[in-house]
Ligand code: 5AD
Ligand code: SF4
């Protein structure tokens, strides 16, 4: 019997990666598909799209054309994810080679739509927060775990509330059961996912005991075998003291955190409807650093929001210098449909926007070089994830709890073990060190 083959391309965020895991597991378990990395031999080609900025969205139609040119004659092409949500049937009209469109909020319907012709399932009120997705049989050391779907915020630049619908939390017991099973299969590290993780517990589909994100962290960290917990993304507004104290004191919570800044200017933050000020952001960071001095902080920054003046941009530079982020994801503002900011007059030229981005990134590079020097001699707990062999060099590698990739030369350490490493070298942003324990 010929096995059906699935090719999947995933763009965008960790949430989309998780959705792709679910698509793969559903199709494997219920429809007998196996994964291939060759689109030309696939019976089903899925493109799991992102729409957060304009560029990847524009790429979609050229990709569909490329897949259509190389695919087997009977093979189907399906467009899933955030662009599917907001373009819907327009995709099939523009690209008739597409067999179905499955929105980011409708992933659990994959086994239906593959049997329908030209299905368009993009209802953002659809609630699959209690749906039991098939399990991915690929046991790994790390696993992604969705704790909520959708987003209730109204950031004026962001299309996600439109593509992923309102926020609904996944029941705690379902998460605990899932984490338990993952631990039994050898998973050591969980990455909890949600558009706004620390808003967990605000709305469930069915009656649920009152809870919040801090409580969820406490409960998940009781599970034997789960050694590390990470999460993304929390919102600065919901970082109350109770949360920061749990973050600091719970040994299973990795000491790295993504705190999306977006802008350092209180005025721009107001226009973005972020709900916090520069002072609030800096206060939370200061509190966090006082509780966990070695904490790793990453952030997202948007430059050239339409109302951003030169002075506003300087405020962003000020926060960059004060916080000294360990990782920076930075973007030029991209107007998106279905957002409040799309109609704002934008006086900032492309050249000026690129200049601001370059200034921000260049300064951050300097900060990183400085920080890397300070890492020499520091001691990290590292979860061993890989062995590499590029003869004559062999090494083990893994991430510190502060989320730095660290190599341990000349060692083959057990995968999944957590070891103490002293950093001895840094080269081009990567760290290496020696085993202490
Ligand atoms: N333009 C540029 N960047 C954006 N992001 C979200 N929407 C936009 C937009 N319209 C960025 C934000 C967010 C990250 C995932 O993408 O920084 O945190
Ligand atoms: Fe993820 Fe947002 Fe892109 Fe959707 S639009 S895939 S939620 S980053």
Taking the C-alpha atoms of region 192-294, convex hull volume expressed per residue in Å³: 110 Å³
Cα-Cα separations in region 58-114 greater than 14 Å, expressed as whole percent: 52 percent
Given the alpha-carbon gyration tensor of region 4-121, what are the semi-axes of its equivalent ellipsoid in whole angstrom, ordered largest first, with each equal to the square root of 5 times an eigenvalue? 19, 16, 14
Across 5 Å bins from the origin, how do the percents of Cα pairs in region 312-384 run, short distances first? 3, 12, 19, 18, 15, 12, 8, 5, 5, 3, 0
Determine, for 401, 410, 19, 123, the number of other Cβ atoms within 10 Å of each Cβ, and report the residues in order from fewest to most. 410, 123, 401, 19
Kindly state, to the nearest 0.05, the FRET efficiency for residue 93 paired with residue 424, given R0 = 56 Å and r defined as their beta-carbon distance. 0.45
With N residues in the chain, what two-decimal value do you get for its Cα radius of gyration over 2.2 N^0.38 Å? 1.01
Once residue 390 and residue 365 are pulled to full extension, the length gained, defined as 0.36 nm per residue separation minus their Cα-Cα distance, is 6.2 nm
Rounded to one decimal in nm, the spacing of the 7 Å Cα→Cβ label points at residue 344 and residue 294 is 4.0 nm
For region 97-217, I need the span (max minus min coordinate) of the C-alpha atoms along each principal axis, in Å, sorted largest to smallest. 44, 37, 29
Semi-axes of the equivalent ellipsoid for region 2-43, Cα gyration tensor, largest first, Å: 19, 13, 5
Pick from 13, 50, 80: which residue has the top mean-square fluctuation in a GNM of the chain where Cα pairs under 10 Å get a spring? 13
Between residue 58 and residue 334, 0.36 nm times their residue separation minus their Cα-Cα distance comes to what? 98.1 nm
With r defined as the distance between the Cβ atoms of residue 111 and residue 203 and R0 fixed at 25 Å, what FRET efficiency is calculated, to the nearest 0.05? 0.40
Sum -39500 (n - 2.57) across every DSSP H segment of at least 4 residues in the chain, then divide by the residue count to get the 222 nm mean residue ellipticity, nearest 500. -10000 deg cm²/dmol
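Have a look at the DSSP beta bridges in the chain and tell me what percent are antiparallel, nearest 5.
35 percent
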Using only Cα atoms, what is the ratio of the radius of gyration of region 322-427 to 2.2 N^0.38 Å? 1.55
Under a GNM of the chain (C-alpha, springs under 10 Å), which listed residue has the highest mean-square fluctuation: 15, 239, 174? 174
Here the tail fraction of P(r) beyond 17 Å, over all Cα-Cα pairs of region 379-435, rounds in percent to 26 percent
Please work out the Cα center distance from region 286-354 to region 188-226, rounded to the nearest Å. 28 Å
If I build a Gaussian network model for the chain, linking alpha-carbon pairs within less than 10 angstrom, which residue out of 296, 165, 32 has the largest mean-square fluctuation? 32
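No lab work stands behind these numbers, since they all come straight from the coordinates. Since the structure is predicted, the reported quantities are computational estimates derived from the model, not experimental observations. Note that we place each Cβ from the backbone using ideal geometry, even for glycine, and neighbour counts take in every protein chain shown.
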